[in-house]
Amino acid sequence: MIKVLPVISRKLSHICSLKPFKETKWLMPNGNPIGVYVYNCIADQKVPVILNDPTIATWYSCGPTVYDSAHIGHACCYVKLDILQRIMKSFFNIKLVTAMGITDIDDKIIKKAKETNTDFRIVAKNFEHEFWLDLSSLNIEKPMIITRVSEYMPTIQSFVKNLIDSEMAYIASDGSVYFDTSKFPSYGKLQNMQDNGEPTSNEKRNKMDFALWKGFKPGEPFWETSWGKGRPGWHIECSAMVSKVFGSQIDFHAGGIDLQFPHHENEEAQSCAFHNTTQWANYWIHVGHLSLKDVKMSKSLQNTLSIPDFLKIYTSDIFRMACLMSNYRYPMEYTDEIMKTAESVLKKFKFFLNDVLLYVNKSDTGHGDYDKKLLNELQKVEINNLEALKNDFDTSSCINSLLNLVAVTNKIIKADTKDHYPVPVILIAQYITNILSNFGLKLQDNTENDLSNLLIDTLVDFRHIVRNNALQRKDKELLTACDMVRDKMKTMKVQINDSNKTASWVFTK
Ligand SMILES: [Zn+2]
């Protein structure tokens, strides 16, 4: 039996000076229960998912600050969120509307722009482009709506203005705007802690007040507002963008566990204040960290592995299987042993599916027959797996029960007997294939498959015709567009070689 990854139970620890939050503030939404339970940090337990319309849900994930390349710590978070979203859609039949925010204005981006003598907008654009490529290489579905801070500036400004006007926020002497946490009694509900200590800066009225807007600093990009120039704080961005897209309430709001406090706490506080409501996000989903020998993978600790480097060693399916075999909420360790375990589980399924094909096409057998025991086994696994997924997305139980189903079926198909049961065996193989592909596994080794080659051929041929035409007409604008396509393809590891008569292309490493 293959070992399933251990679930590491670790409660969030916090500074002991914080006081426990007395009033639990999770409110049961009105609407239709869908029979699914998810962990909610405010209630500190699994709570029923209740949707306004039982078939529709909104989901916002906090995206990256695009100042550097993503690493497999980020990959772990986004693969796990992708798995949960796929489960919602495929297993619970929810029409999920997904959105993700991209922070493309930030201290780190400005710093990187200065270091590399590049416009901050170019830095952000390049790293965002790389981020989507990384996600695609991991078979992560792109969000339907992408919100960028730079494109939502008027929305963010009017959100801040509204909070100033309602006196939930105040303007400090340096032109920054702070949210007044003393005016929001539920502040601290996400981590069930409140901290009423002394403010750490002269600009703040209360210790936990946070910047909605950062006053102008020389050499930094800025935007003009009615209260002075500056740029948005990080937390306000998501609240303003989500509110613009989804209105005054959202079903699911997700991100890494490090975002629970202060980012999501602040988002909830300012959004409730803005919408004059007591609960803005009904379900907070937080993904545990990927750690390396018990240490969180992070840029500052220089213990990261880039996604392209990871994919030189293992496949995206192996990484996804490792994620499926762990619990999304708890920390996951990255070790070669764990990746090899995930790889061998994947192989077990692939060998099984191949063995089934050989078995059902055998001709030296007795008459085909139903095997009630196998069919019952399949039915039991189907029911149990659905129940496991409804219980806070318990994917590791599903993988375990699929492995058991493979073992039971293997006993039948590898038995030295003339008994033959093609129907239940095919149904089992079909079920396993469906469930694994519903989890987002590709179940194929060849990533540079025929279809993508054909698509690249088509694009390169089309560009060649357009480029030749533009050369003849000396159309500079069109030639620049052709160059842009060539450069973008290069970042996707497709190198185009132009000549007068033909255009060829190769995959590069
Ligand atoms: Zn956010």
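The values are calculated or read from the model by the stated rules, or taken from the named source; none is laboratory data. Treat the numbers as computed from the prediction; the structure is a model and nothing was measured. Heads up, the Cβs are rebuilt from the backbone with ideal geometry, glycines too, and the neighbour counts pull from every protein chain shown. Ligands, DNA and RNA are stripped out before the accessible areas are found, and what is left, the full protein with its side chains, is counted by its heavy atoms. Shrake-Rupley method; radii C 1.70, N 1.55, O 1.52, S 1.80 Å.
Starting from the range 362-436, pick out the trypsin sites (Lys or Arg not before Pro) whose DSSP state is loop and whose Cβ has at most 13 other Cβ atoms within 10 Å. It would help to have the intermediate numbers written out before the result.
Numbers: sites: K362, K372, K373, K380, K390, K411, K414, K418; in loops: K362, K414, K418.
Within the range 362-436, the qualifying trypsin sites (Lys or Arg not before Pro) (loop, at most 13 other Cβ atoms within 10 Å) are K362, K414, K418.
Based on the Kirkwood approach, the hydrodynamic radius assigned to the chain is 25.8 Å, with every pair of different Cα atoms included. Checked against a 31 Å cut-off, the cross-linked pairs K80/K348; K214/K293; K46/K244; K89/K183 give Cα-Cα distances beyond that limit for K214/K293; K89/K183.
Based on DSSP, what percent of beta bridges with both residues in the chain are antiparallel, to the nearest 5?
On the way: 26 of 51 bridges.
About 50 percent, rounded to the nearest 5.
Once each of the GluC sites (Glu not before Pro) sitting in a DSSP loop with at most 12 other beta-carbon atoms within 10 Å is removed, the chain keeps 225-447 as its longest stretch.
The length gained by stretching the chain between T278 and N32 to full extension, at 0.36 nm per residue less their Cα-Cα distance, is 86.6 nm.
Over the range 450-507, calculate the relative contact order: mean separation of alpha carbon pairs under 8 Å at least 6 apart, over the residue count, as a percent. Please list the in-between numbers first.
Working: 39 pairs, mean separation 16.7, N = 58.
After rounding, I find 29 percent.
For the chain, the solvent-accessible area of protein heavy atoms averages 50 Å² per residue (probe radius 1.4 Å; ligands and nucleic acids excluded).
Annotation: amide H of F210 within the under-5 Å range of F179, T181, sequence separation 5 or more or interchain, hydrogens built in the peptide plane. Using a probe of 1.4 Å, the accessible surface attributed to M144 totals some 120 Å² when neighbouring protein chains are kept in position.
Below 8 Å between Cα atoms, with a sequence gap of 6+, how large is the relative contact order for the range 148-277 in percent?
Computed over the range 148-277, the figure is 28 percent.
Over every Cα atom in the range 450-507, the radius of gyration and the widest Cα-Cα span, Dmax, amount to 11.2, 35 Å.
Summary of the geometry: the range 32-95 and the range 150-184, compared by the centres of their Cα atoms, lie 29 Å apart.
Ratio of alpha-carbon Rg to the 2.2 N^0.38 Å globular estimate for the range 171-234, to two decimals, please. All intermediate terms of the calculation are to be shown ahead of the outcome.
Working: Rg = 13.3 Å, N = 64, 2.2 N^0.38 = 10.7 Å.
Computed over Cα atoms of the range 171-234, the ratio equals 1.25.
Per-residue Karplus couplings for the range 30-45, computed as 6.51 cos²θ - 1.76 cosθ + 1.60 with θ equal to phi - 60°, are listed in order as 7, x, 10, x, 9, x, 10, 10, 10, 6, 10, 5, 6, 7, 6, 6 Hz, Gly and Pro entered as x. The C-alpha atoms of the range 96-243 occupy a region whose extents along the principal axes are 46, 40, 26 Å, arranged from largest to smallest. Using the alpha carbon gyration tensor of the range 314-360, what are the three equivalent-ellipsoid semi-axes (square root of 5 times each eigenvalue), largest first, in whole Å? They are 26, 11, 7 Å, listed largest first. Based on the convex hull around the alpha carbon atoms, the range 19-313 presents an average projected area of 16.1 nm².
A straight Cα-to-Cα reach below 18 Å connects K112 with the lysines K125, K217, K299, residues fewer than 8 places away in its own chain not being considered.
Of all accessible surface on the chain at a 1.4 Å probe, what whole percent is carbon and sulfur?
On the way: 13240 of 25290 Å².
Its accessible area is 52 percent carbon and sulfur atoms.
By the Stokes-Einstein formula, at 1.567 mPa s and 4 °C, the range 343-438 with its Kirkwood radius over alpha-carbon pairs has D equal to 93 µm²/s.
The residue list N162, G175, T277 was ranked by how far each Cα lies along the charge dipole of the range 19-313 toward its positive end, using unit charges on Cβ atoms, and T277 comes out on top.
For the chain, the longest principal axis of the C-alpha atoms and the axis of helix 372-390 are separated by about 0°.
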